[in-house]
Amino acid sequence: MGVAIRRAVESDREAVTRLLDEAFQDDPVSCWVFPDADHRRRTHHKLMGAFLDLVLSEGRVDLTEDGRAAALWLSVPADEPGDHGGGESGDHEAEGDGPAQMREAVDPDNERVELVGRLTGAVHPTGRAHEYLLLIAVTPERQGEGLGTALIESVLDRCDREGLPAYLEASSARSRRLYERLGFAFTGRPVDLPDGPRMWPMWREPGTTPAVN
């Protein structure tokens, strides 16, 4: 049976923020950004909401019809990195400084909110337009049922038709293996968070045949 997918709208914001918060509470990167569990429970939803607001405004949020899985995509033009609270290193006071603005909005005293954006932005590929999977979330009780794969494949099919690459950062070895099965390949430039986990930037050329298990 196929997975029904629709585009999320502003009225979905509360439900999707809650889904993202729940799905990423124990993610290695989220645990690094908010190492204190109590603080993470109080604050993590603000970071997820900030990402969601950006994508609702500038990108596309695909949502399964039952609301149990969502994928946040940004269309990145050629020669521009994904400004998702990431962006390149530079003057922290510069207008339009995504990482600094994200920190101020989410958790002003937490430099890791800003740092994760700067480190991922520094390795984000430029030069070619591409679709960027910023976040994908499946509610914990529905993980392993193929909902996330269905959400990704719906966009990858369009990428193949339009000749567009796709890009993402895997936040765990497990998710890296999943994305490899969908045709993504590690770029060779990891993001090593200081005293924290490794992230694997991954790129997919259009028309890439998924790996066979």
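Looking at the range 89-108, which of the residues that are in contact with a Lys or Arg (Cβ under 6 Å, 6 or more places away or on another chain) and either in a loop (DSSP other than H, G, I, E, B) or at pLDDT 95 or above (or both) is surrounded by the fewest Cβ atoms within 10 Å (Cβ to Cβ)? Give the steps one after another, and end with the answer.
Residues of the range 89-108 that are in contact with a Lys or Arg (Cβ under 6 Å, 6 or more places away or on another chain), as a first pass: 89, 99, 106.
From what is left, the residues that are either in a loop (DSSP other than H, G, I, E, B) or at pLDDT 95 or above (or both) are 89, 106.
Working: Ser89: 10, Val106: 22.
It comes out as Ser89.
Please work out which residue is farthest from Arg7 (Cα to Cα), limiting yourself to the range 148-180 and to residues that are touching a Pro at 6+ places or on another chain (Cβ under 6 Å) and at pLDDT below 95.
Per the stated criteria, the residue is Ser172.
Look at Glu111 and say whether it is acidic (Asp, Glu), within 18 Å of the chain's Cα centre (by Cα) and at pLDDT 95 or above. Reasoning before the result, please.
Working: acidic (Asp, Glu): yes; within 18 Å of the chain's Cα centre (by Cα): no; at pLDDT 95 or above: yes.
So Glu111 fails the test.
Looking at Gly148, Gly121, Gly144, which one is part of a loop (DSSP other than H, G, I, E, B) and not hydrophobic (A, V, I, L, M, F, W, C)? Before you say what the answer is, go through the steps one by one.
Values: Gly148 fails: part of a loop (DSSP other than H, G, I, E, B); Gly121 fails: part of a loop (DSSP other than H, G, I, E, B).
The unique qualifying residue is Gly144.
Which of the residues belonging to the range 32-52 are under 23 Å from Tyr132 (Cα atoms) and touching a residue at least 24 places away in the same chain (Cβ under 8 Å)?
Across the range 32-52, the qualifying residues are Trp32, Val33, His45, Lys46, Leu47, Met48, Gly49, Ala50, Phe51, Leu52.
Quick one: count up the residues across the range 173-202 that are in a strand (DSSP E or B) and surrounded by fewer than 19 Cβ atoms within 10 Å (Cβ to Cβ).
So in the range 173-202, the residues in a strand (DSSP E or B) come out as 185-186, 191-192, 198-202.
Adding the requirement that they be surrounded by fewer than 19 Cβ atoms within 10 Å (Cβ to Cβ) leaves 185-186, 192, 198.
Going through the range 173-202 one residue at a time, the tally reaches 4.
For the range 173-206, give me the residue count where each residue is in contact (Cβ under 8 Å) with a residue 40 or more places away in the chain and closer than 23 Å to Gly59 by Cβ.
Adding up the residues that qualify gives 8.
Given the conditions (1) at pLDDT 95 or above; (2) in a loop (DSSP other than H, G, I, E, B); (3) surrounded by 14 or more Cβ atoms within 10 Å (Cβ to Cβ), and given that Gly86 satisfies all but one, which numbered condition is not satisfied?
Result: Gly86 passes all but (1).
If you take the residues in the range 1-49 that are in a loop (DSSP other than H, G, I, E, B) and not aliphatic (A, V, I, L, M), which one is farthest from the chain's Cα centre (by Cα)? Can you show your working first?
Within the range 1-49, the subset in a loop (DSSP other than H, G, I, E, B) is 1-4, 8-9, 25-27, 34-36.
Add one more test, that the residue is not aliphatic (A, V, I, L, M), and what stays is 2, 25-27, 34-36.
Values: Gly2: 24, Gln25: 14, Asp26: 15, Asp27: 12, Phe34: 17, Pro35: 20, Asp36: 22 Å.
Result: Gly2.
Identify all residues within the range 50-69 that are in a strand (DSSP E or B), within 14 Å of the chain's Cα centre (by Cα) and either hydrophobic (A, V, I, L, M, F, W, C) or within 29 Å of Asp195 (Cβ to Cβ) (or both); write none if there are none. Talk me through it step by step, then tell me what you get.
Step one: list which residues in the range 50-69 are in a strand (DSSP E or B), which gives 60-64, 69.
Keeping just the survivors that are within 14 Å of the chain's Cα centre (by Cα) gives 60-62, 69.
Result: Val61, Ala69.
Considering only the range 120-158, how many residues are of a type outside the set (S, T, N, Q) and crowded, with 21+ Cβ neighbours inside 10 Å? Break it down into steps so the answer makes sense when it comes.
Step one: filter the range 120-158 for residues of a type outside the set (S, T, N, Q), giving 121-125, 127-138, 140-142, 144-148, 150-153, 155-158.
Imposing the further condition that a residue be crowded, with 21+ Cβ neighbours inside 10 Å reduces the set to 121, 124, 130-138, 147-148, 151-152, 156.
Result for the range 120-158: 16.
The values are calculated or read from the model by the stated rules, or taken from the named source; none is laboratory data. What you see is a predicted model, and the numbers here were worked out from it, not measured in a lab. Cβ sites come from the backbone with ideal geometry, for glycine too, and all protein chains shown count toward neighbours.
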